[in-house]
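The values are calculated or read from the model by the stated rules, or taken from the named source; none is laboratory data. Quick caveat, the model's predicted, so the values are computed rather than measured. FYI the Cβ positions are ideal-geometry reconstructions off the backbone, even for glycines, and counts take in every protein chain you see.
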Amino acid sequence: MMALLSLSIIFMAILFALEILFKEWDTKFDIMLFSYPISLKNYLKGKFSAFTLKAFLSFLILIIGFVIGQNLRTGSEMLLGFSVWSYLYPFLIFGVLNCFFVCSFLFMVAYTTRKKLLVVIGGLLLYVLYMVLLVFSNSPFMAGSIPQSIEVQQLSSLLDPFGTSAYFFEARDLSVSEKNQFIVPLKGFLAINRIVYVVLSMLFLAISYRFYVFNKTTSKKELKRKKDNVKAGIVRLTKVKIPALNFGLKSELNSIISFAKVDLIYLFKSVTIVAVSMLLVFFVGMEMYSDIDKGIRLPDYYASSGLLATSISQSFHLLGAFILVYFINDMYWRSSAAHFYLIEDSTFFSKAKLKGHLMSLALLLVFLTTLLIVLALVFQISYGYTQIDWLAYFGVIIFNTIPLFLFGTLLLLINSIINSKYVALGISIVAVVVFTTPLIKMLLPYPLLHVFSGFNGVFSDLNGYGAYLSAFSNRLLFGICLLGLIWILNSFLKFKQWTKLKSFIAIVFFGFSVFGGFNFMNGYSPKNEDTKLVEAVNYEKNYRNYQNIPQPTIIDVDTKIDLYPSENSYKIQGKYRIQNLSDEPINKILLNFHSDLELNQATFRIHNKDISVDEIVSEIKLDEPFMPSDTATLQFNLSYKWFAVNGHQSFNAIVDNGTFMRISNYYPLLGYQSDKEIEDEQKREEYGLGNPTGLKKLEAPKVFKNDFINLNMVLTTESNQIPMGIGNIVKTWTENDRTNTQYKVYGIPFRFAVASAKYQKQTIKHRNIEIEVLYHDMHFENVERLLKNAVLSLDYCVNNFNGYPFEKISFVEVSSFTSGFAATAYPATIFMTENMIFHANIDSDPSKDVINELAGHELAHIWWGNSQINPDEREGASMLTESLAMYTEMMIYKKMYGKERMMERVEIHQQIYDNEKGLYGNPPLYRVPYGATHIAYSKGAIAMVELSELIGEDKVNEALRSFLANNQYPKKPTTLDLLEEFYKVAPDKSAKSKIDELFQTS
């Protein structure tokens, strides 16, 4: 982390270089400087020492804050104790040496060119080099880092001027615990890198001395401009005119414009605005590029307006706030620094100066916003995507420009109230940290007061910004009025003047602030983490004993779901048929309703008695035992509506267009739910909870459990949309201006989902199975490819495993308001997010055919873990679902593109596995725990492909067919069952030994 933080030295050093290294030339003192008995060497020593010391101390303050923050953190992930050497060692090899390198490089550029712009460009080039090499170093800091060969990593280790690549290369084989407990020694490529750049830094200093530029070269064009200025400065008075004095509104407006004009001339003629513009363009441009280019594994995204506008919103806001701190402080105090404020303050309209600064602030933000939008348009055109969505770019103004304008207004007020430039600067920096970062949620949890915050959400081609645009606008209205009232109050306190106009404006501001505030806060539900923690503790203490108490099983679900996308709400009517499938009588039952949904009514009926349920967690104690094989019913009515002030849930995203909900997650459940347990070890110890419920061991007794359900679902939505559920469609009809569809499916896990949108539909029929794709009308590019791959995948699975169990297969697009997966499979329906599948630019590089991968992978889940087998929650379960789906994906890829191309994909998975095993652990594949995706997916793909090479693809498929036949529901198979099938088809003992090596070793 210290190496990453050392990146900030570049920006600190650039600012200090412009201030310190050019001071003599800016003040014209360089003419006299060397007339004094001072040597060039001593002068450069002093300058470099002052420059480097200032940059070093600034970085030291940052690191002190980082160390304090780290040691104030709590949680089980934090190691106890404080080790000085753990902080001092990286500070020395990264902080000190990187500071020395950056300062010596900028020092050389400044004193060999005497051009501020080149200093800025040089610093930015260091930043570019740093970021590029970070990508090629397999750095976990880079979300889009590309897996690289050892040779490329070694090269980047030598070239990286900040040593980060060398550190990651030397630490590549260390586990997470080893990295936390021990330091990476200064040896190998890390030592070479540090020595090389220390020597290079000294060389920069020698060059600075040898090629120091005493006199700045003046171009002929500049000489001509100076002569013209002299001629223009000669004025001959021919007539004296006495001006008519006017102190009205028009003159005040002219004075505001005049003040703003002076500010803007100063800003846009300075080298700083050029440097800031370049920094902003590069920083945001890098974010745009990384959002489009997804590396060597995934295809590029289309350079759509929504994608690029989201890139701007997620990267501009905080950087823009720091830019405003610098410019506003410099702009406000400029006349004081030049001692011109005495003349300004003596004028009648001096009180209009602050308004002039406000106008300058607005125009500066317009310039920066326009610059970024133009950059986005350049990206769109250069990538050949010419469909421009101006609503997406309008969101940049709402979510960035206006909040930054409000924040800039606050900064102006701070500078006008504080009588010291540097105190005001310090308070302004604190204001950035407090008001524009997540810290505001801790200090001021009331969301209405977050008027300076940006928006980190997404733009969806299906749904736009959804409810967030109007909600954000209401909060901005409140913020504008609040800042307006503070501005008026500040003006009164400063000038002691109050007018009827100010009273009227204050009343208007107050009225609109109330209007905007109430609209924004409508539906607000405060989040109290302490309350949630106590609820989780009480739930575990009160009900964990139910793990040892038999509970009935849900066998039939009859439900109606009414979706209201335009209102972001839905209603559920449901009826469970419940049966005691255990061998023991049941005397009490634990019912769990989801806390996010409103429980309108629920009735548990048993022994011809109705028991009303009105609590989220209800313990039903029965007068008569619930005997084995007896049945009961649970009827319930639930409702849900989300508000932008609270945010939406990714898997419960009922939105205007492109809805998706894993709706079964929000239905009532029976028995103790271990996923509600607290995971933090320190909290568990604090509350005396003991050990959490662990993952069942692989060797635990095998289970036969009848826990599948029969689902009868009626799904309704607004008339202009198509509702999509799971299973086979019984009928579709329109009633009361709503579209209704009934779905039925028998014998599936308790797992179902729904979607709704304004869809286009394309359908083909293959093997008497209807294959349909439902998509947004702008996202037609990959539909034909998806249908083609679905046919190929269906053929492979049917030919090699067994028959397809449903009448149709639907591929359904959902909005990017749902995240967390690229695609997810349910019986007869596969839901896919818009960016990863439907709007991915496959044609940019056909080798990154994610359509083929995901169509094959998700369709394979119909066989592996969707309805034909259903392993229980124990070690290795993900191998039976995800690893086998990865194998199917790879075999289909080989069938389509050939073995060589498939092996290239396997090599990528090998690199992913090698990179992540040190960070997330390396258990054997057959014992893979939940969440270890690098094992279940990447290592699983590697092992299964290697197995197919060892015994042949046909033998593997023979084993998988037998596994399916021998482990059908209600049996809960384990990886030991699968390995047994592999042993049966292994030709000899050496092959069996190799199978053990592939699946049972780390």
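Filtering the range 450-498 to residues that are assigned to a helix (DSSP H, G or I), among the aliphatic types (A, V, I, L, M) and within 30 Å of D777 (Cβ to Cβ) leaves A467, L469, A471.
With the condition kept exactly as written, say whether any residue in the range 701-708 is within 26 Å of P929 (Cα to Cα) and at pLDDT 90 or above.
yes
Every condition in (1) part of a helix (DSSP H, G or I); (2) at pLDDT 85 or above is met by N915 except one, and the failing one is (2). For the range 979-988, the criterion of a residue being assigned to a helix (DSSP H, G or I) and out of contact with any helix residue (DSSP H, G or I) (no Cβ under 7 Å at 6 or more places or on another chain) is satisfied by at least one position. Only one entry in L361, L377, L372, L391 is crowded, with 20+ Cβ neighbours inside 10 Å, under 25 Å from the mean Cα position of the chain (by Cα) and not polar (S, T, N, Q), namely L372. Against the conditions (1) over 27 Å from L307 (Cβ atoms); (2) buried (at least 16 other Cβ atoms within 10 Å of the Cβ), K502 satisfies every one except (2).
Given the structure, is S847 touching a helix residue (DSSP H, G or I) at 6+ places or on another chain (Cβ under 7 Å), in contact (Cβ under 8 Å) with a residue 12 or more places away in the chain and in a helix (DSSP H, G or I)? Before you say what the answer is, go through the steps one by one.
Details: touching a helix residue (DSSP H, G or I) at 6+ places or on another chain (Cβ under 7 Å): yes; in contact (Cβ under 8 Å) with a residue 12 or more places away in the chain: yes; in a helix (DSSP H, G or I): no.
The answer is no for S847.
When the range 288-319 is filtered for residues that are aliphatic (A, V, I, L, M) and at pLDDT below 85, the ones remaining, listed by number, are I296, L298. Would you point out the residue of the range 741-790, among those that are among the acidic types (D, E) and free of Cβ contacts under 8 Å to residues at least 40 places away in the same chain, that is surrounded by the most Cβ atoms within 10 Å (Cβ to Cβ)? Among those that are among the acidic types (D, E) and free of Cβ contacts under 8 Å to residues at least 40 places away in the same chain, it is E772. Hey, can you tell me all the residues within the range 566-608 that are surrounded by fewer than 18 Cβ atoms within 10 Å (Cβ to Cβ) and farther than 24 Å from M713 by Cβ? Hits for the range 566-608 are S582, D583, E584, P585, N587, K588, H607, N608. Residues in the range 681-694: is at least one within 24 Å of E873 (Cβ to Cβ), β-branched (V, I, T) and outside the structural domain of F750 (by TED's automatic domain parsing)? Checking the range 681-694: at least one residue is within 24 Å of E873 (Cβ to Cβ), β-branched (V, I, T) and outside the structural domain of F750 (by TED's automatic domain parsing).
Of the residues that sit in the range 797-814 and are of a type outside the set (A, V, I, L, M, F, W, C) and within 17 Å of A828 (Cα to Cα), which one is surrounded by the most Cβ atoms within 10 Å (Cβ to Cβ)? Among those that are of a type outside the set (A, V, I, L, M, F, W, C) and within 17 Å of A828 (Cα to Cα), it is E813. In the range 271-318, of all residues being assigned to a helix (DSSP H, G or I) and of a type in the set (D, E, K, R), the one that is surrounded by the fewest Cβ atoms within 10 Å (Cβ to Cβ) corresponds to E287. Of the residues in the range 861-880, not one is within 26 Å of S460 (Cβ to Cβ), part of a helix (DSSP H, G or I) and touching a residue at least 12 places away in the same chain (Cβ under 8 Å). Within the range 503-531, residues that are closer than 18 Å to P445 by Cβ sit with their Cβ atoms under 6 Å from residues that are surrounded by 12 or more Cβ atoms within 10 Å (Cβ to Cβ) and of a type in the set (K, R), at 6+ positions apart or across chains, in these pairs: F520/R475. Quick check, is F259 in a helix (DSSP H, G or I) and either closer than 22 Å to I429 by Cα or out of contact with any Lys or Arg (no Cβ under 9 Å at 6 or more places or on another chain) (or both)? So F259 does not fit the description; no.
Taking (1) touching a helix residue (DSSP H, G or I) at 6+ places or on another chain (Cβ under 6 Å); (2) among the small types (G, A, S); (3) within 17 Å of S938 (Cα to Cα) in turn, A855 satisfies each apart from (3).
Please report, ordered by residue number, the helices (runs of 4 or more DSSP H) entirely within the range 350-433 with at least 1 residues that are touching a strand residue (DSSP E or B) at 6+ places or on another chain (Cβ under 9 Å).
Filter on the range 350-433 gives 390-396.
Scanning the range 673-722 for residues that are of a type in the set (G, A, S) and touching a residue at least 12 places away in the same chain (Cβ under 8 Å), we see that the one that is nearest to K532 (Cα to Cα) is S674.
Mind checking which residues of the range 967-978 are assigned to a helix (DSSP H, G or I) and under 39 Å from the mean Cα position of the chain (by Cα)?
Result: T975, L976, L978.
Within the range 112-123, one or more residues are farther than 16 Å from L7 by Cα, at pLDDT 85 or above and outside the structural domain of I912 (by TED's automatic domain parsing). In the range 2-24, the qualifying residues are those that are in a loop (DSSP other than H, G, I, E, B) and under 13 Å from F162 (Cβ atoms), and the one that is farthest from the chain's Cα centre (by Cα) is S6.
For L964, the conditions (1) part of a loop (DSSP other than H, G, I, E, B); (2) more than 24 Å from K697 (Cβ to Cβ); (3) under 41 Å from the mean Cα position of the chain (by Cα) all hold with the exception of (1).
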